[in-house]
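The values are calculated or read from the model by the stated rules, or taken from the named source; none is laboratory data. Computed from a prediction, not measured in an experiment: that's the story for all the values here. Positions of Cβ are backbone-derived with ideal geometry, glycine not excepted, and every protein chain shown enters the neighbour counts. Accessible surface areas use protein heavy atoms only, side chains included; no ligands, DNA or RNA. Shrake-Rupley method; radii C 1.70, N 1.55, O 1.52, S 1.80 Å.
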Amino acid sequence: MPSRPYPQRLTRTRLYEQVAEQITAWVLENGLAAGDKLPPERELAARLGVSRATLSQALVALEVIGVVAVRHGDGTVLTDSPGGARIVEAIRAHADRLPEIIETRDALETKIAALAAVRRTDEDLARIDDALAVMQADVDAGGRGVEGDQRFHGAVTAAAHSLLLARLMDEIGDLIRESRIESLSQPDRPQSSLTQHRTIAEAIRDGDPEAAAAAMHAHVEQISHVALLR
């Protein structure tokens, strides 16, 4: 008998992936559009019969692929219609490219931090401090500090005064957003990231490129520990 290939191995769907699909199906069935709010998390979890932790994973997954925005104090808001997109495939595509995103961030931002320590101006330092203050206020209020995190990395990039590196960072901006949301959605991660930001800022203020590069590398390495969607 000639050998024949076996059927392809089935991929098990994780519970939070099933929940993400259920949410998007409900959105489509009810004709919701961008700007509409989802029910409160406690109510939504009860309706779906899942834990708040599983629902939170599903919402983060949907936020990473651009379907919803989870806003502190305002609940979960649709940012785009899921349309006919294959939600699970989109979530897994993010997980597959995450290691490459982290590698690229490490290569670019470690160098950027070193250059910022050498080239920063007083105005650059003021922008970095402003970003830290924005993130601190958000974290203190119970938020994830996403906007402050974005401002901080943007301020450090600007402080490097390298047009080409800034363009490269802008090119991967959407991919960085994915890793930022996933990382800052983990318990205790916002405060930990803020602490690391302060270490990076201190090295840049001190004009120490080696310390700035090492601090940024450690920070990006922490971002890589995002097992939430794997």
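Taking segment 115-128, which residues are open to solvent by 20 Å² or more (accessible area, probe 1.4 Å) and either more than 17 Å from ASP170 (Cβ to Cβ) or in contact with a Leu (Cβ under 6 Å, 6 or more places away or on another chain) (or both)?
VAL118, ARG119, ARG120, THR121, ASP122, GLU123, ALA126
Residue-by-condition table, conditions (1) open to solvent by less than 50 Å² (accessible area, probe 1.4 Å); (2) of a type in the set (Val, Ile, Thr); (3) under 15 Å from the mean Cα position of the chain (by Cα):
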position: THR54; (1), (2), (3): yes, yes, no
position: VAL60; (1), (2), (3): yes, yes, yes
position: ASP74; (1), (2), (3): no, no, no
position: ASP80; (1), (2), (3): no, no, no
position: ILE101; (1), (2), (3): yes, yes, yes
position: GLU109; (1), (2), (3): yes, no, no
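Being surrounded by fewer than 16 Cβ atoms within 10 Å (Cβ to Cβ) and hydrophobic (A, V, I, L, M, F, W, C) is the filter; apply it to segment 82-98 and report the residue that is nearest to LYS37 (Cα to Cα). Steps first, answer last, please.
Here is the first cut: in segment 82-98, the residues surrounded by fewer than 16 Cβ atoms within 10 Å (Cβ to Cβ) are 83-86, 89, 93, 96-97.
Going one step further and asking which of them are hydrophobic (A, V, I, L, M, F, W, C), we end up with 85, 93.
Working: ALA85: 20, ALA93: 26 Å.
Here the answer is ALA85.
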Query raised in the report: Can you name the residue in segment 136-173 that is over 16 Å from the mean Cα position of the chain (by Cα) and not in a helix (DSSP H, G or I) and is also nearest to HIS94 (Cα to Cα) among such residues?
Result: GLY142
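Kindly establish whether ALA33 is modelled with pLDDT of 90 or more, more than 30 Å from HIS161 (Cα to Cα) and of a type in the set (A, V, I, L, M, F, W, C). Outline the logic, then answer.
On the way: modelled with pLDDT of 90 or more: no; more than 30 Å from HIS161 (Cα to Cα): yes; of a type in the set (A, V, I, L, M, F, W, C): yes.
So ALA33 fails the test.
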Query raised in the report: ALA141 is checked against (1) open to solvent by 20 Å² or more (accessible area, probe 1.4 Å); (2) within 29 Å of ALA20 (Cβ to Cβ); (3) of a type in the set (A, V, I, L, M, F, W, C); (4) without any contact (Cβ under 8 Å) to a residue 60 or more places away in the chain and fails just one. What number does that condition carry?
Result: (4)
